[in-house]
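**Q** Have a look at this one.
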Amino acid sequence: MENMKILEAVADIAYVAGFHKYSSGDSRLDISQYIQWAAEFEKIHQTTNWDEADYIFLIEEFTDRKIKAENDFSAILN
């Protein structure tokens, strides 16, 4: 499947977000956000050698940073 990398990233990001109980309250918005995050993750790591890097660690770290940024932004708005 041609888009397998991006689909895997979306699934992993959604899993990590769910684990942390992250939700905006709008599931369509969340899914759109996870797709955007996955595209960003794939762009950042387009040259990463996955034989040398820990994919799970990096995608969890990336998602954690994104969730923290969203939570910080929401706190500013409220």
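**Q** For the stretch 21-63, which chymotrypsin sites (Phe, Trp or Tyr not before Pro) pass both filters: DSSP loop (anything but H, G, I, E, B) and at most 10 other C-beta atoms within 10 Å?
**A** Trp50
**Q** Report the extension gain between Ala53 and Lys21 in nm, rounded to one decimal, defined as 0.36 nm multiplied by the number of residues separating them, less their alpha carbon distance.
**A** Contour length minus the Cα-Cα distance gives 8.9 nm.
**Q** 222 nm [θ] for the chain, helices only, -39500 (n - 2.57) per DSSP H run of 4+, per residue, to 500? Walk me through the numbers before you get to the answer.
**A** Working: 3 runs with 57 residues, N = 78.
The per-residue figure over the chain is -25000 deg cm²/dmol.
**Q** Can you give the relative contact order of the stretch 4-77 as a percent, counting alpha carbon pairs under 8 Å and 6+ residues apart?
**A** 43
**Q** Tilt of helix 55-77 relative to the longest C-alpha principal axis of the chain, in degrees (0 to 90, nearest 10)?
**A** The answer is roughly 20 degrees.
**Q** Shifting gears a bit: Evaluate the distance, in nm, between pseudo-label points positioned 7 Å from the Cα of Ile35 and of Asp64 along their respective Cα→Cβ axes.
**A** 2.8
**Q** Translational diffusion coefficient of the chain at 20 °C, 1.002 mPa s, Stokes-Einstein with Kirkwood Rh over Cα pairs, in µm²/s as a whole number.
**A** Rounded, D is 163 µm²/s.
**Q** Sticking with this structure for a sec: Considering only DSSP states other than H, G, I, E and B, which GluC sites (Glu not before Pro) in the chain qualify as loop sites with at most 16 other Cβ atoms within 10 Å?
**A** Glu2, Glu52
**Q** Right, another one. Cross-chain or 8 or more residues apart, Cα under 16 Å: how many lysine pairs in the chain fit that? Count them up, please.
**A** Counting lysine pairs in the chain gives 4.
Readers should treat all values here as calculations from the given coordinates under stated rules, not as data from a laboratory. This one's a predicted model, so the numbers in the text were calculated from it and none came from an experiment. Cβ coordinates were reconstructed from backbone atoms using ideal geometry, including for glycine residues, and neighbour counts include every protein chain displayed.
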